[in-house]
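The values are calculated or read from the model by the stated rules, or taken from the named source; none is laboratory data. Because the structure is a prediction, the values reported are computed rather than measured. Note that we place each Cβ from the backbone using ideal geometry, even for glycine, and neighbour counts take in every protein chain shown. Note: accessible area is taken over every heavy atom of the protein model, side chains too, but ligands, DNA and RNA are not part of it. Shrake-Rupley method; radii C 1.70, N 1.55, O 1.52, S 1.80 Å.
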Amino acid sequence: MDALRLDGAAWLPGTSYVAEAADGTVAAYALLTRCHVEDVPAVALAPVAVAPEHQRKGAGQAVVRAVLDLARVRGERLVLVLGHPGYYPRFSFEPASRYGIRPTFEVADEAMMVLVLDGSGGVPHGTIRYPAAFGV
């Protein structure tokens, strides 16, 4: 995450949320990072993590919902996530390929997902460009 913080093109200040456990430790976190579909700005829901002892207790859902609400308030058009196809559809994510959006690397079609927050100007299609800090 330090590499993302140092990447001025990727880092979006104030777009990370942390769920704290009762003992003060981090239970879960989620972050939005700037990416693009071709030249159209979008955000990547990445990284997201839940401590093993807090999985299936709602901490992950809480931070994901919080950053998605923030993306809406910020006026973001698209949120992309590379994640478990059994988890992210509960937040209305669907396969990115339905919109002609694809990553530059091989991944199972159902794992690369998109959430369209504002399709009023049309949904861009093409290749996802991640920040250099992601290493892809």
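Give me the pairs: first residue in the range 38-58 and open to solvent by less than 40 Å² (accessible area, probe 1.4 Å), second residue acidic (Asp, Glu), beta-carbon distance under 8 Å, and six or more apart or on different chains, which are they?
Hits for this filter: Ala42/Glu76; Val43/Glu76.
Would it be correct to say that Leu82 is open to solvent by 30 Å² or more (accessible area, probe 1.4 Å), of a type outside the set (Lys, Arg) and either on the phi > 0 side of the Ramachandran plot or free of Cβ contacts under 8 Å to residues at least 60 places away in the same chain (or both)? Steps first, answer last, please.
Details: open to solvent by 30 Å² or more (accessible area, probe 1.4 Å): yes; of a type outside the set (Lys, Arg): yes; either on the phi > 0 side of the Ramachandran plot or free of Cβ contacts under 8 Å to residues at least 60 places away in the same chain (or both): yes.
So Leu82 fits the description; yes.
Restricting the search to the range 7-30, which residues are closer than 14 Å to Arg74 by Cα and surrounded by 16 or more Cβ atoms within 10 Å (Cβ to Cβ)?
Filtering the range 7-30 down to residues closer than 14 Å to Arg74 by Cα leaves 12-16.
Within the range 7-30, Leu12, Thr15, Ser16 qualify.
Are there any pairs, at least 6 apart or on different chains, whose C-beta atoms fall under 6 Å, with the first in the range 93-105 and over 12 Å from Val79 (Cβ atoms) and the second open to solvent by 30 Å² or more (accessible area, probe 1.4 Å) and among the aliphatic types (A, V, I, L, M), and if so, which?
If the second residue must be open to solvent by 30 Å² or more (accessible area, probe 1.4 Å) and among the aliphatic types (A, V, I, L, M), the pairs left are Tyr99/Val123; Phe105/Val136.
Of the residues that make up the range 78-98, is at least one within 19 Å of Val18 (Cβ to Cβ) and aliphatic (A, V, I, L, M)?
yes
Look through Asp69, Asp118 and report the one residue that is open to solvent by 40 Å² or more (accessible area, probe 1.4 Å) and either in contact (Cβ under 8 Å) with a residue 60 or more places away in the chain or part of a helix (DSSP H, G or I) (or both).
Values: Asp118 fails: either in contact (Cβ under 8 Å) with a residue 60 or more places away in the chain or part of a helix (DSSP H, G or I) (or both).
Of Asp69, Asp118, the one residue that is open to solvent by 40 Å² or more (accessible area, probe 1.4 Å) and either in contact (Cβ under 8 Å) with a residue 60 or more places away in the chain or part of a helix (DSSP H, G or I) (or both) is Asp69.
Being of a type in the set (S, T, N, Q), under 13 Å from Val37 (Cβ atoms) and at pLDDT 95 or above, is that true of even one residue in the range 104-124? Reasoning before the result, please.
Going through the range 104-124, the residues of a type in the set (S, T, N, Q) turn out to be 104, 120.
Keeping just the survivors that are under 13 Å from Val37 (Cβ atoms) gives 104.
Filter once more, so that each one left must be at pLDDT 95 or above: none.
So far as the range 104-124 goes, no, none of its residues is of a type in the set (S, T, N, Q), under 13 Å from Val37 (Cβ atoms) and at pLDDT 95 or above.
Filter the range 77-113 down to the residues that are assigned to a strand (DSSP E or B) and either within 13 Å of the chain's Cα centre (by Cα) or among the aromatic types (Phe, Trp, Tyr) (or both) and list them by number.
The initial filter retains those residues of the range 77-113 that are assigned to a strand (DSSP E or B), namely 78-82, 94-95, 101-102, 112-113.
Those that are assigned to a strand (DSSP E or B) and either within 13 Å of the chain's Cα centre (by Cα) or among the aromatic types (Phe, Trp, Tyr) (or both): Leu78, Val79, Leu80, Val81, Leu82, Glu94, Met112, Met113.
Six or more apart or on different chains, Cβ atoms under 7 Å: show the pairs whose first residue is in the range 121-133 and touching a residue at least 24 places away in the same chain (Cβ under 8 Å) and whose second is among the small types (Gly, Ala, Ser) and not in a loop (DSSP other than H, G, I, E, B).
Within 7 Å, the pairs are Tyr130/Ala44; Ala133/Ala3.
Filter the range 12-34 down to the residues that are farther than 15 Å from Val50 by Cβ and either in contact with a Pro (Cβ under 7 Å, 6 or more places away or on another chain) or at pLDDT below 75 (or both) and list them by number. Reasoning before the result, please.
Step one: list which residues in the range 12-34 are farther than 15 Å from Val50 by Cβ, which gives 12-15, 22-24, 32-34.
Thr33, Arg34, listed by residue number.
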